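We did not get these values from a lab; they are worked out from the coordinates using the rules stated. These numbers come from a predicted model, not from an experiment. Backbone-built Cβ (ideal geometry, glycine too); neighbour counts: all protein chains shown.
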Amino acid sequence: MPKKATNPLADGLVEDEFIVSLKMSTYLVAVIVGNLANITKETNKVLVSVYAVPEKSGHTEYALDTAVKLIEFYQKYFNITYPLQQRLDDC
Ligand SMILES: *[C@@H]1O[C@H](CO)[C@@H](O)[C@H](O)[C@H]1NC(C)=O
Ligand SMILES: *[C@@H]1O[C@H](CO)[C@@H](O)[C@H](O)[C@H]1NC(C)=O
């Protein structure tokens, strides 16, 4: 879900707060902490991102292109739009 706020904490740490997500199967959720870089594309108002460690981010374009094609295919095949909110201003 989109980030709602970033709050400064002690010692230079920050706390990111996100909008409450929809109910979903736990196998669809991942929490990953690390130094990651992303590439992102938008298709039919859906932001699609691929994350990798910065040294491998040059190898992520195929994954992004494939994910974008799959989302476009499934949206058309099932005739449904992506159900999750993408941006804070979509509230
Ligand atoms: C990474 O994703 C954010 C959205 O989550 C986007 O604003 C940013 O442009 C993306 N970076 C690149 C290099 O695509
Ligand atoms: C897709 O869904 C919309 C309504 O959400 C409907 O108007 C349209 O006829 C549907 N298209 C097909 C090909 O079923």
Handout entry: For the chain, built as a Gaussian network whose Cα springs stay under 10 Å, the top-fluctuating residue of 12, 34, 58
Key = 12
Completion exercise
Once the in-chain neighbours fewer than 8 apart are removed, the aspartates and glutamates whose Cα is under 19 Å from residue 56 read 65
Exercise for the section: For the stretch 3-90, state the average projected area of the convex hull of the C-alpha atoms over all orientations, rounded to one decimal in nm². Expected result: 7.6 nm²
Exercise for the section: Would you compute, from DSSP H runs of 4+ residues alone, the mean residue ellipticity of the chain at 222 nm, taking -39500 (n - 2.57) per run and dividing by the full residue count, rounded to the nearest 500? Expected result: -6500 deg cm²/dmol
Problem - In the stretch 1-63, the trypsin sites (Lys or Arg not before Pro) that fall in loop regions by DSSP, at most 14 other Cβ within 10 Å - result: 23, 45
Handout entry: Stretch gain in nm, segment residue 51-residue 39, where the contour uses 0.36 nm per residue and the Cα spacing is subtracted
Key = 3.6 nm
Fill in the blank from the handout: If R0 = 41 Å, then residue 66 and residue 10, at their Cβ-Cβ distance, give a FRET efficiency to the nearest 0.05 of 0.45
Practice task
Take the chain, connect every pair of alpha-carbon atoms lying under 10 Å apart with a spring to form a Gaussian network, then pick out the residue of 52, 63, 30 with the largest mean-square fluctuation.
Solution key: 30
Completion exercise
Most exposed first, judged by fewest Cβ atoms within 10 angstrom, 66, 6 run 6, 66
Fill in the blank from the handout: In debye to the nearest 20, the charge dipole size for the chain, taken about the Cα centre with +1 at each Lys and Arg Cβ and -1 at each Asp and Glu Cβ, equals 380 debye
